[in-house]
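Notes follow the structure.
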């Protein structure tokens, strides 16, 4: 067996996915560890993915939903947390406090674990009449959560980047409609941009957002048999409005409490993309999210160097809309360069040498599966978009096949245990009882993921506790 060089990935994905994942993230130059435990430096290659996510999502919410972007402070007074008891209790273990006094009265300040409280303080002053509604604001920011569990690059860290939308409505109907619209936007983002299929549904009462009426979620499934919560959208009801004194004069000239929602995605989407698609050669990125979609590698020999390089530069200009890389360096062999750009996840490689030049063609290599295609140079401009779209579709279909194969319909406790032991997703007729949910987690380590949005027939009894089933629920281990 050929020994892998230290330059590339030295651990096989199927043998140790945790260490393999870390190597891919680091060696592909997406990220590096910070000097502060549980934090990371997102390098330009990694941030480009986050930028693509921002650009895609801003386009979805700014005009269609009429959401405006803004920014609120990272410092949150302790008294703000205490206004909504359930919310405060839900976040208290994760809050990072600072010991320096920044307020006049010496009140303790937290670094935001989420921004409901600081934003709603402003909303209480901005909203006076039904004419001020709906108020729809989103912010892109960093979040600090004092995770006590083992941290993992992108997937679980003490500081991460995210967006959080916070909207206020005149009616419950408007609020619920937008709450559902957003979770479906998240589904489109993960599936269309990241080629990551997800389950979409509603969280259990136990797993919903602290202080919310109910929570919707999208859940991806990783190759190691764990679910990854990729985005959530919460109908907050009227509880936060009551706690923070947000009210408006209604059309009937009576003081009324508004309805609110909040929703968010984070840089864990990058981690999910890396873990789902990448392989033993390194990073594999969907073309839609790759900043540089092509690398051009001319095969340079002494007697044909100038003509080959000239044609490579012409191709570089022709394909400029795909932000190509031209690697004409001579200190490394073509094989080394192939491996280097495969490691960094460039979706397409174009090889051109003197023999190709004679035939007026190039060799195209697809990163996702290594397929080689011969294309005439004068056809590149029209063929490249088609091949990139093909790669995107192939990556999604491969991931969708994995997800579908992992969903197991279980009817007995024995089948339930077997499904989780074999790192699958158990689809269960469930009783909706929180005590049952806790007991299942304690026995086999599986947690509820979501109740499908699309209504399905529910019959029989819960395979764990034997009580009448009330809903369908997905269970699995998770990050």
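The values are calculated or read from the model by the stated rules, or taken from the named source; none is laboratory data. Keep in mind it's a predicted model, so treat the numbers as computed, not measured. Methodologically, a virtual Cβ is constructed for each residue, glycine included, from the backbone with ideal geometry; neighbour enumeration extends over all protein chains shown.
Note on the stretch 254-303: residues that are under 30 Å from residue 331 (Cβ atoms) and in a loop (DSSP other than H, G, I, E, B) total 16. Considering only the stretch 327-363, state which residues are over 21 Å from residue 7 (Cβ atoms) and surrounded by 14 or more Cβ atoms within 10 Å (Cβ to Cβ). 348, 350, 352, 353, 354, 356, 357, 361, 362, 363 - these are the residues of the stretch 327-363 that are over 21 Å from residue 7 (Cβ atoms) and surrounded by 14 or more Cβ atoms within 10 Å (Cβ to Cβ).
In the set (1) assigned to a helix (DSSP H, G or I); (2) without any contact (Cβ under 8 Å) to a residue 40 or more places away in the chain; (3) not assigned by TED's automatic domain parsing to the domain that holds residue 338, residue 455 fails one condition alone, (1). Considering every residue within the stretch 286-307, establish whether at least one is within 30 Å of residue 174 (Cβ to Cβ) and without any contact (Cβ under 8 Å) to a residue 40 or more places away in the chain. The answer is no, given that none of the residues of the stretch 286-307 is within 30 Å of residue 174 (Cβ to Cβ) and without any contact (Cβ under 8 Å) to a residue 40 or more places away in the chain. All conditions in (1) crowded, with 20+ Cβ neighbours inside 10 Å; (2) part of a helix (DSSP H, G or I); (3) touching a residue at least 60 places away in the same chain (Cβ under 8 Å) hold for residue 416, with the sole exception of (3). Scanning for something touching a helix residue (DSSP H, G or I) at 6+ places or on another chain (Cβ under 9 Å), free of Cβ contacts under 8 Å to residues at least 40 places away in the same chain and under 25 Å from residue 271 (Cβ atoms), does the stretch 20-32 turn up at least one residue? Yes - at least one qualifying residue is present in the stretch 20-32. Of all residues in the stretch 148-156, one or more are surrounded by 13 or more Cβ atoms within 10 Å (Cβ to Cβ), touching a strand residue (DSSP E or B) at 6+ places or on another chain (Cβ under 6 Å) and closer than 30 Å to residue 274 by Cβ. Which of (1) more than 19 Å from the chain's Cα centre (by Cα); (2) within 17 Å of residue 262 (Cβ to Cβ); (3) modelled with pLDDT of 95 or more; (4) in a helix (DSSP H, G or I) does residue 117 not meet, given it meets every other one? The number of the failed condition is (3).
Meeting the requirement of 1 or more residues that are at pLDDT 95 or above, touching a strand residue (DSSP E or B) at 6+ places or on another chain (Cβ under 6 Å) and not assigned by TED's automatic domain parsing to the domain that holds residue 119, no strands (runs of 3 or more DSSP E) wholly within the stretch 159-247 can be named. Could you check, for the stretch 370-384, whether at least one of its residues is surrounded by 12 or more Cβ atoms within 10 Å (Cβ to Cβ), within 15 Å of residue 292 (Cα to Cα), modelled with pLDDT of 95 or more and in contact with a helix residue (DSSP H, G or I) (Cβ under 7 Å, 6 or more places away or on another chain)? Looking for residues that are surrounded by 12 or more Cβ atoms within 10 Å (Cβ to Cβ), within 15 Å of residue 292 (Cα to Cα), modelled with pLDDT of 95 or more and in contact with a helix residue (DSSP H, G or I) (Cβ under 7 Å, 6 or more places away or on another chain), one finds at least one in the stretch 370-384, hence yes. If you check 76, 137 for being at pLDDT 95 or above, under 27 Å from the mean Cα position of the chain (by Cα), surrounded by 13 or more Cβ atoms within 10 Å (Cβ to Cβ) and not in a loop (DSSP other than H, G, I, E, B), only one passes: 137. The residues of the stretch 282-298 that are within 21 Å of residue 327 (Cβ to Cβ) and crowded, with 19+ Cβ neighbours inside 10 Å, listed by number, are 282, 283, 284, 285, 287, 290, 293, 294, 295, 296, 297, 298.
Pairing each residue of the stretch 208-226 that is more than 11 Å from residue 476 (Cβ to Cβ) with any residue that is crowded, with 19+ Cβ neighbours inside 10 Å and modelled with pLDDT under 95, provided the two are 6+ apart or on different chains, yields C-beta distances under 6 Å for 210/87; 211/84; 211/87; 215/209. Among the residues of the stretch 378-409, the ones that are in contact (Cβ under 8 Å) with a residue 60 or more places away in the chain and not in a helix (DSSP H, G or I) come to 1 in all.
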